[in-house]
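Worksheet for the structure shown next.
What follows is calculated from the coordinates using simple rules that are stated; it is not laboratory data. No experiment lies behind these values; they were computed from the predicted model shown. Backbone-built Cβ (ideal geometry, glycine too); neighbour counts: all protein chains shown.
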């Protein structure tokens, strides 16, 4: 199956799993390490409330929120770096 056919089948909602070779699939940057973090009781209660509201685990909420924060910081740094580079270009 050509890529354009695959894309069209996928976009049409067809099951394309039979043409995928998942034996070589990998998830980049998914290595995990266990860490222990102490949280104040009020924070755990709030995390649990949000997890319950969304129907997910506390760990999932923590991972998503931390990921969002890191991505936001990375984006901010990228924009700042662009601004700094622009300023350097404008400086005589």
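General remarks:
- On the stretch given as the range 1-58, residues that are free of Cβ contacts under 8 Å to residues at least 12 places away in the same chain, within 19 Å of the chain's Cα centre (by Cα) and surrounded by 10 or more Cβ atoms within 10 Å (Cβ to Cβ) total 5.
- For the range 1-35, filtering for residues that are within 30 Å of residue 62 (Cα to Cα) and outside any helix (DSSP H, G or I) leaves 11.
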